[in-house]
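Worksheet: the structure to be examined is printed underneath.
The values are calculated or read from the model by the stated rules, or taken from the named source; none is laboratory data. Values in this document were obtained by computation on a predicted structure and should not be read as measured data. Don't worry about glycine lacking a Cβ; one is built from the backbone with ideal geometry, like all the others, and counts go over all protein chains shown. The protein model used for the area step is the full one, side chains on, heavy atoms only, and it has no ligands, DNA or RNA in it. Shrake-Rupley method; radii C 1.70, N 1.55, O 1.52, S 1.80 Å.
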Amino acid sequence: MSTQPDLLYSEEEEALRAAVRDLLADHCDAPGVIARVESDAPHHLALWKSLTDGMGLAGLLVPEELDGQGATHREAAVVLEELGRAVAPVPYLTSAVVATEALLACGTEDLLTELASGTSIGALAVALDVAPAAAYKVVRHENGLLHGELTGIADAAVADVLLVPADDGGLYAVDASAATVTPQTSLDLTRPLATVTLDGAPGRLLGDAEPAVRRALRAGAGLLASEQLGLADWTLTETVRYLKDRKQFNRPVGGFQALKHRLAQLWLEVASLRAAARNAADALSTGQDTDVAVTVAQAYAAPVAVHAAEEALQLHGGIGMTWEHPVQLYLKRAKADSIAYGTAGAHREALAGLVDLQVP
């Protein structure tokens, strides 16, 4: 008989949250993010250094004997909540979670140590929209070299090492300098996509691609829900604050009954998303009912995050439509996240199979 997980935040998790939020408040304000995404270098590598060097957060999922923190997915989820609240342009989900999980599946100790310390950034060369159980594109392995093109690779522009699945069933580590990385037009400029082209690139065999990719994408999907939670929570909080301050007919806009109902509905959705995201993070850390917990979280998270961002845009009125207002960053991230690691529809379909429910 399994015991119910405790989904409340522990004291340590709340302390971690406070530390990350303080750092982001100092180094990742909205005007700075907007200016950064308008430049040729959207990633905030100085912030990444503070998160990795200063706080050791890239190594949360890596065992202590490999210079990691030996923590769990619950702690990583708290970090992602805060990064979501700030729409921080750092490769945390892609390197510290997805690439790290792939390396953990292969047992590649030297690369894990590099990723844990933040001295290297890793990227799994699988398109961002691929769901955990879906087919993914591979490159050709011939005479010990890799050939092919992979599109939609998130954060490849700042990766030092690319983890590339090949047609012989292997997962290969490729030095990013041996690949051609071409930026793609991305809706969400805080997590840019790129095309990776390999033209006879040398690769180091790490292990079997299939289990490593599945494990990595499942963790990515499960913890993405925490990022979506942080995003939805910020947009709700900011909208409530704005409507309390904004006056119309000499009274606060937030006092109008129709708006109260909309905000109450949104609050319920965000509270439910918190439960689903926490459950996914806990299941990933314990290994119990993980597939079900992850698919439930992802089936629910995307519509809520998009709804929260859309409501923020509408309820901020004309100012919300401006480029200078940060709500545009949240709407674009919410929309991009809604297809990352599988759409809500793909996860609902997967969930039906997991619980043996006939799809109509």
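Annotations for the structure displayed:
- Count of segment 192-226 residues, restricted to those that are assigned to a helix (DSSP H, G or I) and not hydroxyl-bearing (S, T, Y), is 17.
- A Cβ distance below 8 Å, combined with a sequence gap of six or more or placement on separate chains, defines the contacts here; from segment 338-360, residues that are in contact (Cβ under 8 Å) with a residue 40 or more places away in the chain reach residues that are among the charged types (D, E, K, R) and assigned to a loop (DSSP other than H, G, I, E, B) in the pairs I339/D129; A340/D129; Y341/D129; G342/D129; T343/D129.
- Number of positions in segment 150-171 that are out of contact with any Phe, Trp or Tyr (no Cβ under 9 Å at 6 or more places or on another chain) and assigned to a helix (DSSP H, G or I): 2
- Just one of the listed residues (W234, W267) is under 23 Å from S338 (Cα atoms), surrounded by 21 or more Cβ atoms within 10 Å (Cβ to Cβ), of a type in the set (F, W, Y) and at pLDDT below 95, namely W234.
- Per the conditions (1) modelled with pLDDT of 95 or more; (2) under 24 Å from R85 (Cα atoms); (3) open to solvent by less than 20 Å² (accessible area, probe 1.4 Å), the sole criterion not satisfied by S120 is (2).
Let's see how each residue does on (1) outside any loop (DSSP other than H, G, I, E, B); (2) modelled with pLDDT under 90; (3) surrounded by fewer than 18 Cβ atoms within 10 Å (Cβ to Cβ):
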site: A302; (1), (2), (3): yes, no, no
site: I319; (1), (2), (3): yes, yes, yes
site: Y330; (1), (2), (3): yes, yes, no
site: K335; (1), (2), (3): yes, no, yes
site: A340; (1), (2), (3): no, no, no
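- A135 meets the stated requirement of being outside any helix (DSSP H, G or I), out of contact with any strand residue (DSSP E or B) (no Cβ under 8 Å at 6 or more places or on another chain) and surrounded by fewer than 24 Cβ atoms within 10 Å (Cβ to Cβ).
- Residues located in segment 270-290, provided they are in contact with a Lys or Arg (Cβ under 9 Å, 6 or more places away or on another chain), within 19 Å of S338 (Cα to Cα) and among the aliphatic types (A, V, I, L, M): A281
- Answer from V130, V98, V181, V174 - the residue that is modelled with pLDDT of 95 or more, part of a loop (DSSP other than H, G, I, E, B) and among the aliphatic types (A, V, I, L, M): V130
- Hey, T197 out of contact with any helix residue (DSSP H, G or I) (no Cβ under 6 Å at 6 or more places or on another chain) and in contact (Cβ under 8 Å) with a residue 12 or more places away in the chain or not: yes
- Among residues of segment 212-237, those that are out of contact with any Pro (no Cβ under 8 Å at 6 or more places or on another chain) and of a type in the set (D, E, K, R), counted: 3
- When segment 101-118 is filtered for residues that are touching a residue at least 60 places away in the same chain (Cβ under 8 Å) and polar (S, T, N, Q), the ones remaining, listed by number, are T108, S117.
- Annotation note: of T190, T151, the sole residue that is buried (at least 21 other Cβ atoms within 10 Å of the Cβ) and among the hydroxyl-bearing types (S, T, Y) is T190.
- Cβ-Cβ under 6 Å pairs, at least 6 apart or on other chains, segment 155-169 side without any contact (Cβ under 8 Å) to a residue 40 or more places away in the chain and over 25 Å from A46 (Cβ atoms), far side in a loop (DSSP other than H, G, I, E, B) and β-branched (V, I, T): D167/V138
- Any hit, segment 278-296, residues being open to solvent by less than 50 Å² (accessible area, probe 1.4 Å), assigned to a helix (DSSP H, G or I), within 19 Å of Y330 (Cα to Cα) and touching a residue at least 24 places away in the same chain (Cβ under 8 Å): no
- Test: residue in segment 64-86 that is farther than 23 Å from N279 by Cβ, open to solvent by less than 20 Å² (accessible area, probe 1.4 Å) and β-branched (V, I, T): no
- Only one entry in P31, P91 is open to solvent by 10 Å² or more (accessible area, probe 1.4 Å) and not aliphatic (A, V, I, L, M), namely P31.
- Complete set of residues in segment 1-28 that are acidic (D, E) and either touching a Ser or Thr at 6+ places or on another chain (Cβ under 9 Å) or open to solvent by 30 Å² or more (accessible area, probe 1.4 Å) (or both): D6, E11, E12, E14, D22, D26
- Residue in segment 30-52 that is more than 27 Å from A334 (Cβ to Cβ) and touching a helix residue (DSSP H, G or I) at 6+ places or on another chain (Cβ under 7 Å) present: no
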